[in-house]
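The values are calculated or read from the model by the stated rules, or taken from the named source; none is laboratory data. On a predicted model such as this, the values are computed, not experimentally measured, just so you know. Backbone-built Cβ (ideal geometry, glycine too); neighbour counts: all protein chains shown.
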Amino acid sequence: MKILYIHQYFTTNEGGGGTRSYDVSRYLVSNGHSVTMICGMNQRAGLHVRGIRLWKVTWIDGIKVIVLRVPYSNYMSVAARLFSFFNFSLLSILAGIKERKIDLVFASSTPLTVAIPGVVLSKFRRKPYIFEVRDLWPEDLVAAGRMKSGSIGHRIHEFLENRSYARASKVILVSKGFHDRLLERNYPDSFLETIELGADGELFENVRINKGFWKEKGLDSKTIAVYTGAHGNANGLYQILDAAEYLKNRDDIAIVMIGDGGEKPDLLKELQQRNLKNVHMFDPVIKKDLPGILAGCHIGLMILKQITRPRWVTPNKLFDYMFAGLPTLVNFEGTTAEIVEKEKIGITCKPGSAEDLAQGIQFFTDNPEKRLETGMNARRLAYQKYDRKILANKMEKTLLSVVNHNDLR
């Protein structure tokens, strides 16, 4: 089976961010399949295009990677992001047309515009197309107040979303919450497949604490509550600063934020203005170094901006925390909170309550035995259900099923 895989944000263990498409592709290649990945530039992962070429071809762990000359950053303006999305769509079509003898087109969102090359290349090659959904746009944008319902932008997104689903032979959801929502919208269950994001369990096996990292930061003797990932508007990270206000007198507790994003400069200014000595903001780390850093932490923080309804997303960091053996604190309602409660792998805090979040951090700090028990339960569950090998095997079966039926729409 030859798969044309389109994912604008593809990265490897040498970069930061989610590596699901990389891990799944490696698994498929190891099982004898051929994967061509079309992606945008990612400097930290070494994925860049020099000169005036529109793209370059490189090979990574048996994956043919076509890197398009399309930059993207959370620091970009809205207009610059839109240009990046549509530029990526156009170049993906041009690069994809050159690929021969493909059996399947697989497009992973976000952004939603990745469906454009998915549909076009599927029609051009007369091969089935699968659409993977990582965010329910435009619903999520409206709920977060980033888009007005009924606006021109909303109608364009809605049209694109509907066409993305209608042309797909199968829609893969990375969260049960997304699956349930599409069922509510009358999509047939047989058309949907939930395959969670998970994490690469091999990265966390026999991992040792990166003692040098924490000693250099002066935090090796403290109980560390950590947040990793994007520092954007949707993440609502001012809530962490608010929680830290309640913990000023706890010299044994440190709150650490690792990552980058458009709001990080403002967060740093706010941190200085509040003079919060218990909060520490660090640069992003590459994926392969993350397990050793998380091994020196004690509590994982799942923080998102509060919106008008429960959130259906289950972010990558949840699974990283689980594999690292950390109990998780969740400050928003929805699918992630349901998993944490049902599986007893952490605590759900009152949504938007900085005081309750602070109390959760204090609870796990003051009850190390409970913290260890909860963290080990999370680690066991991670290897049982959310190891990328398990999920990639499920993905392979889904892709083969679509290819064998050759269900064109």
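Among the conditions (1) assigned to a loop (DSSP other than H, G, I, E, B); (2) under 20 Å from residue 290 (Cβ atoms); (3) in contact with a strand residue (DSSP E or B) (Cβ under 6 Å, 6 or more places away or on another chain), residue 18 misses just one, which is (3). Scanning region 340-367 for residues that are among the charged types (D, E, K, R) and closer than 19 Å to residue 251 by Cβ yields one hit, 366. Any idea which residue in region 149-194 is farthest from residue 236 (Cα to Cα), counting only those that are of a type in the set (D, E, K, R) and part of a strand (DSSP E or B)? If we take residues in region 149-194 being of a type in the set (D, E, K, R) and part of a strand (DSSP E or B), then 170 is farthest from residue 236 (Cα to Cα).
When you look at residue 146, is it over 26 Å from residue 236 (Cα atoms) and either at pLDDT below 95 or in a loop (DSSP other than H, G, I, E, B) (or both), yes or no? Spelling it out, it is not the case that residue 146 is over 26 Å from residue 236 (Cα atoms) and either at pLDDT below 95 or in a loop (DSSP other than H, G, I, E, B) (or both). Contact map, region 35-53: residues that are in contact (Cβ under 8 Å) with a residue 60 or more places away in the chain and more than 14 Å from residue 63 (Cβ to Cβ) paired with residues that are of a type in the set (Gly, Ala, Ser) and surrounded by 14 or more Cβ atoms within 10 Å (Cβ to Cβ), Cβ distance under 8 Å, separation 6+ or inter-chain. Pairs shown: 44/15; 44/16.
For (1) at pLDDT below 95; (2) farther than 24 Å from residue 317 by Cα; (3) of a type outside the set (Val, Ile, Thr); (4) not assigned by TED's automatic domain parsing to the domain that holds residue 166, each residue gets a yes or a no:
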| residue | (1), (2), (3), (4) |
| --- | --- |
| 74 | yes, no, yes, no |
| 77 | yes, yes, yes, no |
| 92 | no, yes, yes, no |
| 109 | yes, no, yes, no |
| 116 | no, yes, no, no |
| 120 | no, yes, no, no |
| 133 | no, no, no, no |
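Okay, residues lined up against (1) crowded, with 19+ Cβ neighbours inside 10 Å; (2) modelled with pLDDT of 95 or more; (3) out of contact with any helix residue (DSSP H, G or I) (no Cβ under 7 Å at 6 or more places or on another chain):
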| site | (1), (2), (3) |
| --- | --- |
| 219 | no, yes, yes |
| 233 | no, no, yes |
| 251 | no, yes, yes |
| 257 | yes, yes, no |
| 264 | yes, yes, yes |
| 274 | no, yes, no |
| 277 | no, yes, yes |
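Note on region 190-222: residues that are over 24 Å from the mean Cα position of the chain (by Cα) and among the small types (Gly, Ala, Ser) total 4. The single residue among 320, 366, 387 that is touching a Leu at 6+ places or on another chain (Cβ under 7 Å) and either in contact (Cβ under 8 Å) with a residue 40 or more places away in the chain or loosely packed, with under 15 Cβ neighbours inside 10 Å (or both) turns out to be 320.
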